[in-house]
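Structure, as structure tokens:
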Amino acid sequence: MTTPVYPAARLRRPRTTAWSRAMHRETVLTPADLIWPLFVTDGAGVEEPIGSLPGVSRWSVDLIAARAREAVALGIPCLALFPNTQPDRRDPVGTEALNPDNLMCRAIRAIRDACGDSIGVLTDVALDPYTSHGQDGLIDDAGYVLNDATVEVLVGQSLNQAAAGADIIAPSDMMDGRIGVIRQALEGAGHANVQIMSYAAKYASAFYGPFRDAVGSSGLLKGDKKTYQMDPANSEEALREVAMDLAEGADSVMVKPGLPYLDIVRAVKDRFEVPVFAYQVSGEYAMIEAAVAVGAGERDALVLETLLAFKRAGCSGVLTYHAAHAARLLNG
Ligand code: PBG
């Protein structure tokens, strides 16, 4: 490539007018790039605002179906579901995750009834919304999260969700080897077309706080998740995680959190040339809303710029709590 020399080259020249900027734009964001995470709670007609996530609520199953219809109308292709399990249904081994009538399964069926196949349902596989200790898996006496014993439960959880009609199983637990056994179990149970989106590079992040409030695990969790989620200092390790999950049968991979980890998105995309998704997590959402609340930024512009950045970095799509708002903006 020859180095452009001024004044023959003036990089401002194509930026002069809106039509020219549009013509030279390298990346576009559309509602089809968005996955909308929704929190499910018990009851009927219930909307519970989440204090640390202003503008985001937990919805009862009947109202989740209404959100799904809204998403379809906005052109959002997929929902991601997270349950707020009642405390009396939580135990040390996350038994409620295997209940075919748990909140998650009821929400999946309600969305299917309301929208048929016109929207995808992505379900979270991990035990933290169901355990009495708030960890993503089974723990030993010392509180260490056990890998292989946890994976066995995650397989049951995945089959339970697939039987209820989940389209994409999304393990967010970071146990080793779970993608392979979940894939095998799905094939064995006749769910050959149920996808797996692996949370492959999920970091032990300080940005998950509001989410833990939303699913009701923040008060239960003692300690941290550093023995299974990744060290934010590492990127080579992210590539190894992705390689293993792809080899085990993941259809797509996720990087999480989002904006602080766009270098990881780009590295994964360049290395593997597979669909990469990112999760603009709860703390990132809260940061934008906090900036808006003090007048430090303008919501619409912050939302669209950050989401576009994910696309530029190589993402096929983004999980974001701003999905409906962003889709409305994009639809004009
Ligand atoms: C847990 C899970 C977490 C998130 C998604 N799945 C939190 C955690 O790992 O503690 C975080 C999402 C967010 O912060 O928006 N399996």
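The values are calculated or read from the model by the stated rules, or taken from the named source; none is laboratory data. Predicted model, so just to flag it, every value in this text is computed and none were measured. Counting neighbours? That spans all protein chains shown, and the Cβs are built from the backbone with ideal geometry, glycine included. The area values use the complete protein model at the heavy-atom level, side chains included, leaving out ligands, DNA and RNA. Shrake-Rupley method; radii C 1.70, N 1.55, O 1.52, S 1.80 Å.
For residue 263, state whether it is under 20 Å from the mean Cα position of the chain (by Cα), assigned to a helix (DSSP H, G or I) and of a type in the set (Asp, Glu). I'd like the intermediate steps shown before the answer.
Numbers: under 20 Å from the mean Cα position of the chain (by Cα): yes; assigned to a helix (DSSP H, G or I): yes; of a type in the set (Asp, Glu): yes.
When the stated conditions are applied, residue 263 passes them.
Quick one: which residue in 228, 199 is open to solvent by less than 30 Å² (accessible area, probe 1.4 Å), within 11 Å of the ligand (Cβ to nearest atom) and in a loop (DSSP other than H, G, I, E, B)? Write out each step before concluding.
Values: 199 fails: in a loop (DSSP other than H, G, I, E, B).
Every option except 228 fails the conditions.
Return the total of residues in the range 266-291 being more than 16 Å from the ligand (Cβ to nearest atom) and in contact (Cβ under 8 Å) with a residue 24 or more places away in the chain.
Number of matching residues: 10.
Test residue 247 against the stated conditions and say whether it is more than 16 Å from the ligand (Cβ to nearest atom), hydrophobic (A, V, I, L, M, F, W, C) and touching a helix residue (DSSP H, G or I) at 6+ places or on another chain (Cβ under 9 Å). So that I can check it myself, show each step before the final result.
Numbers: more than 16 Å from the ligand (Cβ to nearest atom): yes; hydrophobic (A, V, I, L, M, F, W, C): yes; touching a helix residue (DSSP H, G or I) at 6+ places or on another chain (Cβ under 9 Å): yes.
Taking the combined requirement at face value, the residue satisfies it.
Scan the range 42-71 residue by residue and report those that are touching a strand residue (DSSP E or B) at 6+ places or on another chain (Cβ under 7 Å) and open to solvent by 30 Å² or more (accessible area, probe 1.4 Å).
42, 43, 44, 45, 46, 47, 48, 49, 58, 59, 63, 67
Among the numbered conditions (1) among the aliphatic types (A, V, I, L, M); (2) within 13 Å of the ligand (Cβ to nearest atom); (3) surrounded by fewer than 17 Cβ atoms within 10 Å (Cβ to Cβ), tell me where residue 170 comes up short.
(3)
Looking for something assigned to a strand (DSSP E or B), crowded, with 16+ Cβ neighbours inside 10 Å and near the ligand (Cβ under 8 Å from one of its atoms) - is there at least one such residue anywhere in the range 204-221?
No - not one qualifying residue is present in the range 204-221.
Restricting attention to the range 8-41, and to residues there that are in contact (Cβ under 8 Å) with a residue 60 or more places away in the chain and open to solvent by 50 Å² or more (accessible area, probe 1.4 Å), which single residue is farthest from residue 307 (Cα to Cα)?
So, considering only residues that are in contact (Cβ under 8 Å) with a residue 60 or more places away in the chain and open to solvent by 50 Å² or more (accessible area, probe 1.4 Å), the one farthest from residue 307 (Cα to Cα) is 26.
Does at least one position in the range 122-136 carry a residue that is of a type outside the set (Val, Ile, Thr) and not in a loop (DSSP other than H, G, I, E, B)?
If we filter the range 122-136 for residues that are of a type outside the set (Val, Ile, Thr), which is where we start, we get 122, 124, 126-130, 132-136.
Cutting the leftovers down to not in a loop (DSSP other than H, G, I, E, B) gives us 122, 124.
Yes, the range 122-136 has at least one match.
Quick check on my filter: what residues within the range 165-178 are closer than 25 Å to residue 112 by Cβ and either among the hydrophobic types (A, V, I, L, M, F, W, C) or modelled with pLDDT under 95 (or both)?
Correct list: 166, 168, 169, 170.
Please specify each residue of the range 247-305 satisfying the condition of being of a type in the set (Phe, Trp, Tyr), closer than 26 Å to residue 186 by Cβ and open to solvent by 10 Å² or more (accessible area, probe 1.4 Å). Give the derivation first.
Start the filter on the range 247-305 by keeping residues that are of a type in the set (Phe, Trp, Tyr), which leaves 261, 272, 277, 279, 285.
Checking which are closer than 26 Å to residue 186 by Cβ leaves us with 272, 277, 279.
Within the range 247-305, 272, 277 meet the criteria.
Could you give every pair whose Cβ atoms fall below 7 Å, whose first residue belongs to the range 119-141 and is farther than 18 Å from residue 152 by Cα, and whose second residue is charged (D, E, K, R) and more than 9 Å from the ligand (Cβ to nearest atom), counting only separations of at least 6 or pairs across chains?
Close Cβ pairs (under 7 Å, with a partner that is charged (D, E, K, R) and more than 9 Å from the ligand (Cβ to nearest atom)) amount to 120/167; 121/167; 122/167; 132/90; 132/91; 133/222.
Considering each residue of the range 129-154, count those that are open to solvent by less than 30 Å² (accessible area, probe 1.4 Å) and either charged (D, E, K, R) or farther than 19 Å from residue 212 by Cα (or both), and give that number. First the steps, then the outcome.
Let us first name the residues in the range 129-154 that are open to solvent by less than 30 Å² (accessible area, probe 1.4 Å), namely 129-131, 133-138, 145, 150-151, 153-154.
Narrowing further to those that are either charged (D, E, K, R) or farther than 19 Å from residue 212 by Cα (or both): 136, 150-151, 153-154.
Qualifying residue count for the region: 5.
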